[in-house]
Structure formats: structure tokens, C-alpha cells
Amino acid sequence: CDFPVDPQRDALHAVVYWQPEVDPGTLILTSEIPVSGQRPISLPELDEEATRRSPDSLSLRLGRDAGSLRLLLIDGARPGAALAALVPLDDSCLDRIEALSRLWRVVHNRPRIPDTRLTAQRRRRLRQMLQAIDGYMSGATYREIAVALYGAERVALEPWKTSSLRDSTISLVRDGRDLVDGGYRHLLRHRRRQ
């Protein structure tokens with residue numbers, strides 16, 4: 001079978017490609033520029049291992065760390081040519097503009113700014129959600145999950161039925177279930193107030 005990702009690779013190191021409509025951090029670049037006088041753009045730090053061609057596009061990744069940038073070159077665009085970014089004016093427009101700002105800084109050798117879609121606090125909670133849902137799916141009780149997450153001493157400090165840790169554990173399991181049921185895609189977007 002042909003797999004989009006090598007099943008033998010560690011999940012943390014596998015290259016995953018998202019469609020731009022799913023991941024607003026993927027920048028769409030084109031060579032169709034309606035403004036004259038544009039200069040070629042050098043794309044530094046191209047990860048050759050993460051380059052994928054299709055009949056109508058070229059997918060690239062700049063960098064290899066958590067702050068790497070995903071690029072989708074269309075309309076015959078290629079690295080080293082004059083490029084323009086397409087930013088759809090949709091609900092993810094601000095996320096795309098932030099990604100574009102990060103690309104501009106890389107291209108112009110400016111100090112990098114981190115990808116802020118997953119804050120340190122959100123990463124910690126995500127880890128706890130995955131631990132909680134893993135325990136729940138393995139048959140652990142909410143109390144057993146709380147002990148694994150917070151420690152037996154801390155869980156024993158309050159009566160379990162009225163414990164804030166009980167409520168927190170139930171919330172982590174519920175949110176972990178949402179992640180497993182497809183909610184993980186929300187991690188690709190900023191949390192914005194409506």
C-alpha cells in the first residue's frame with residue numbers, strides 16, 4: 001500500500017501535510033503577481049526531506065522545529081522565483097497573516113517569532129487530555145486517572161465526590177474524547193473570541 005506517511009516513522013518526526021483550508025498555517029504562494037518589478041525570493045532552510053510534488057503544486061517546509069513553516073506553491077511557482085501569497089479573506093485570515101509575517105521575517109533574516117497557535121499552557125493541557133482519555137479508554141476510573149495525573153496525596157486531600165480534581169479529570173476526559181473524535185484539527189487554529 002502507498003501511505004501518505006511512512007508507518008515505520010516515529011509520529012513526532014513524520015511529515016504531515018494538511019490542506020490549507022484545514023491548516024491556516026500553510027501559506028499558499030503563487031508566481032502570478034499582478035505587480036511589476038518583483039524580485040526573486042530566496043527560501044532559506046528548505047527541508048528537502050519534507051518536499052512533495054503533485055501535478056499542480058509543490059509542498060515545502062521551511063525549518064524542522066516546532067516553528068517550521070508549511071508552504072504550498074501553486075501556478076508553477078518555485079523556490080527562488082518572485083512569489084506572492086494568497087490570503088483568503090475567511091475566518092482564518094488572521095492566522096494566515098500571522099504565518100505570512102513569520103515567513104517574511106525568515107526571508108528577510110529578521111529574528112524569528114514563534115508559532116503561537118499552541119501556547120505552553122495549551123500544550124500542557126493537551127498532554128493531560130491525551131493521558132486522561134488514554135486511561136479512560138483502558139478502563140481506568142476517573143479517580144485512578146486523577147491519581148495518575150495529580151498524584152495520590154493530592155487526590156486524597158479532598159473528599160472525592162466534591163473534589164475540584166474530580167471535576168478537572170472529568171473535563172480532561174471529555175475534552176480528550178473530543179480530540180480523538182476529530183477535534184484535533186482545532187489545534188491548527190488560534191483560539192479567538194467570536
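When restricted to residues that are free of Cβ contacts under 8 Å to residues at least 12 places away in the same chain and over 16 Å from residue 83 (Cβ atoms), segment 31-50 contains 1. Scanning segment 159-184 for residues that are among the charged types (D, E, K, R), closer than 16 Å to residue 137 by Cβ and exposed (fewer than 15 other Cβ atoms within 10 Å of the Cβ) yields a total of 3.
Pull up segment 81-122, narrow it to residues that are of a type in the set (Lys, Arg) and over 15 Å from the mean Cα position of the chain (by Cα), then point me to the one that is least open to solvent (accessible area, probe 1.4 Å). Here the answer is 105.
If you go through segment 93-119 and keep only what is among the charged types (D, E, K, R) and in a loop (DSSP other than H, G, I, E, B), you end up with 110, 112, 115, 117.
In segment 108-119 there is at least one residue matching the filter, namely being at pLDDT below 95 and among the aliphatic types (A, V, I, L, M). Based on this model, can you work out whether residue 43 counts as more than 17 Å from residue 18 (Cβ to Cβ), open to solvent by less than 90 Å² (accessible area, probe 1.4 Å) and under 24 Å from the mean Cα position of the chain (by Cα)? Yes, satisfied. Number of residues in segment 13-38 that are of a type outside the set (Ser, Thr, Tyr), modelled with pLDDT under 90 and over 17 Å from residue 91 (Cβ atoms): the value is 10.
Scanning segment 51-80 for residues that are open to solvent by 20 Å² or more (accessible area, probe 1.4 Å), in contact with a strand residue (DSSP E or B) (Cβ under 8 Å, 6 or more places away or on another chain) and touching a residue at least 24 places away in the same chain (Cβ under 8 Å) yields 52, 59, 61, 70, 72, 74, 75, 78, 79.
Within segment 143-158, if we keep just the residues that are among the hydrophobic types (A, V, I, L, M, F, W, C) and surrounded by 14 or more Cβ atoms within 10 Å (Cβ to Cβ), the residue that is farthest from residue 70 (Cα to Cα) turns out to be 155.
The values are calculated or read from the model by the stated rules, or taken from the named source; none is laboratory data. Keep in mind that what you see is a predicted model, and the values were worked out from it rather than measured. Positions of Cβ are backbone-derived with ideal geometry, glycine not excepted, and every protein chain shown enters the neighbour counts. Surface areas here come from the heavy atoms of the whole protein model, side chains and all, with no ligands, DNA or RNA. Shrake-Rupley method; radii C 1.70, N 1.55, O 1.52, S 1.80 Å.
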